[in-house]
Every structure is written in C-alpha cells, then in structure tokens.
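Undergrad: Below: one structure in structure tokens.
Just so you know, all these numbers are worked out from the coordinates, no wet-lab data involved. On a predicted model such as this, the values are computed, not experimentally measured, just so you know. All Cβ positions, even for glycine, are placed from backbone atoms using ideal geometry, and neighbour counts span all protein chains on display.
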Amino acid sequence: NAGVTQTPKFRILKIGQSMTLQCTQDMNHNYMYWYRQDPGMGLKLIYYSVGAGITDKGEVPNGYNVSRSTTEDFPLRLELAAPSQTSVYFCASTGTGSRGDTQYFGPGTRLTVL
Amino acid sequence: QQQVKQSPQSLIVQKGGISIINCAYENTAFDYFPWYQQFPGKGPALLIAIRPDVSEKKEGRFTISFNKSAKQFSLHIMDSQPGDSATYFCAASLDSWGKLQFGAGTQVVVTP
C-alpha cells in the first residue's frame, strides 16, 4: 500500500513551458486535492475533486488545470509556466471528505520556474 | 486573506520543555480543527484534531486546547524531544468536501 505518490520529485521549467504533475493514490479514496506550499504561507488549495469526472476550483486555481478520469489519478497541469508558480506542490486524498476524515499527503513536487 | 492566523513563525525549545503554538480564526462556521506535522522533504501528516464541542484533546505528549468564545486554539507539545523538530500547521474546515484552510506554519526546533 503505497498511499499517495507524486511524480516528479523535482522539476525546473522555463517560463512559458508546460508540464503535468502526476498524483496517484491506491487507497480507493474519492476525494483528492492539490495544494501549493510557499515559504511562510502555509498550504493553499488549488483544485479538488470529489470523484471521477468531478472537479472544482480551490483558493488559487489561476494558471492550473486538472482532470479526474479515474479514482486513482488526479494530474495537475500547468499550461504556461510563470515564476509565480515556483512552489512545492502536494497532492492529498481522503476517503469521504467529511470533517474528521484524515487527509493523506504525498511527498510533494518541488517546481522551479526560471 | 489568511483565514487562520498562526503564531509564532518559529520557536526553539530545549529537550524536555513545552512547545506552544497558537492559532486564531475568524469564521465561526469552522467546525473541525486539525494539526499537521511536516518533516523536511516530506508531506504533512495529521497529528491530532479537535471539534469545537470539546475544549481539550490529548494524545500522548500532544494536547489541543480550544477556546470557542475567543476563536482560538493551540497545540502544546509536552516533554519536547529532538524528534519533534518539524514544521507544524494548524488548519480549519467548514464544509463536507474536506477543504482545509491552513495557517502559515511554525518551525519548531528542539535542542538536545
């Protein structure tokens, strides 16, 4: 049981390039989330999904897109990378989404946009 | 704006001492308050959580104190150990989608 896995671990992008951050969970969780973590700012929710085919915006969605075609996978797409997207990105999942249900986080992807 | 305000940004405590981290919130609709622990290079992991119908919750050396009228809650780490050195985040949730509002984090360093 690997939990939540994320790839790649590190990536450097040039301004204007695109990339997809991969997230997979093997716990059969319906709810999945993407957060970004900036120094001194905590974690901010980018997008979330309550099941395959259902996604919605979080607090800071601009510049990102998501899709959820399967229960296991929740990729995050950056279309035109900007320096402001330099951050550490975490994917998380939880079973029911109800309050009290633990969110399990992946190890993160450190992205630098130059 | 930051809906959950956390302080201090960092603290240093000696082994065996008590670490105290405070959080304050504005939205009275929040009804679930977890604390997450994060080690360098790792994702956050749930440490302990509380609902507003109780004033205190204790798990081992970790205690959450909750003051509903003041809209504040705090994490106390008793008998702090070097292995507790990590960044701690408070958070709050108010809906059934599990969305969390995080504080800015507190870096705790426990010296031997």
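Undergrad: Checking the conditions here, which among B:Pro34, B:Pro8 is in contact with a Ser or Thr (Cβ under 8 Å, 6 or more places away or on another chain), touching a residue at least 60 places away in the same chain (Cβ under 8 Å) and surrounded by fewer than 15 Cβ atoms within 10 Å (Cβ to Cβ)? Reasoning before the result, please.
TA: Numbers: B:Pro34 fails: surrounded by fewer than 15 Cβ atoms within 10 Å (Cβ to Cβ).
When all the criteria are applied, what remains is B:Pro8.
Undergrad: I've got another one for you. Surrounded by 15 or more Cβ atoms within 10 Å (Cβ to Cβ), polar (S, T, N, Q) and more than 13 Å from the chain's Cα centre (by Cα): which single residue out of B:Ser80, B:Ser74 fits that description?
TA: Working: B:Ser74 fails: more than 13 Å from the chain's Cα centre (by Cα).
Of B:Ser80, B:Ser74, the one residue that is surrounded by 15 or more Cβ atoms within 10 Å (Cβ to Cβ), polar (S, T, N, Q) and more than 13 Å from the chain's Cα centre (by Cα) is B:Ser80.
Undergrad: Scan B:Lys68, B:Lys57, B:Lys15 and give me the residue that is within 14 Å of another protein chain (Cβ to nearest Cβ) and either out of contact with any helix residue (DSSP H, G or I) (no Cβ under 7 Å at 6 or more places or on another chain) or at negative phi (or both).
TA: B:Lys57
Undergrad: Just one of the numbered conditions (1) without any contact (Cβ under 8 Å) to a residue 24 or more places away in the chain; (2) in a loop (DSSP other than H, G, I, E, B); (3) of a type in the set (Gly, Ala, Ser) is not true of B:Ala49; which one?
TA: (2)
Undergrad: So, in segment A:29-42, of the ones that are more than 7 Å from chain B (Cβ to nearest Cβ) and closer than 11 Å to A:Ala52 by Cα, which residue ends up surrounded by the fewest Cβ atoms within 10 Å (Cβ to Cβ)? Steps first, answer last, please.
TA: Going through segment A:29-42, the residues more than 7 Å from chain B (Cβ to nearest Cβ) turn out to be A:29-30, A:32-39.
If we keep only those that are closer than 11 Å to A:Ala52 by Cα as well, we get A:29-30, A:32.
Numbers: A:His29: 22, A:Asn30: 17, A:Met32: 29.
Looking at residues that are more than 7 Å from chain B (Cβ to nearest Cβ) and closer than 11 Å to A:Ala52 by Cα, I get A:Asn30.
Rundown of residues vs (1) away from chain B (no Cβ under 11 Å); (2) in a strand (DSSP E or B); (3) under 14 Å from the mean Cα position of the chain (by Cα); (4) touching a residue at least 40 places away in the same chain (Cβ under 8 Å), yes/no style:
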site	(1), (2), (3), (4)
A:Gln6	no, yes, yes, yes
A:Gln22	yes, yes, yes, yes
A:Leu45	no, yes, yes, no
A:Tyr48	no, yes, yes, no
A:Cys91	no, yes, yes, yes
A:Gly100	no, no, no, no
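Undergrad: Okay, next question. Condition check: buried (at least 20 other Cβ atoms within 10 Å of the Cβ) and either out of contact with any strand residue (DSSP E or B) (no Cβ under 6 Å at 6 or more places or on another chain) or away from chain B (no Cβ under 14 Å) (or both). Does A:Ala81 satisfy that?
TA: Details: buried (at least 20 other Cβ atoms within 10 Å of the Cβ): yes; either out of contact with any strand residue (DSSP E or B) (no Cβ under 6 Å at 6 or more places or on another chain) or away from chain B (no Cβ under 14 Å) (or both): yes.
When the stated conditions are applied, A:Ala81 passes them.
Undergrad: Name the strands (runs of 3 or more DSSP E) wholly inside segment B:72-112 in which the number of residues that are away from every other protein chain (no Cβ under 14 Å) is 3 or more.
TA: Working: elements: B:72-77, B:86-92, B:106-111.
Per the criteria, B:72-77, B:106-111.
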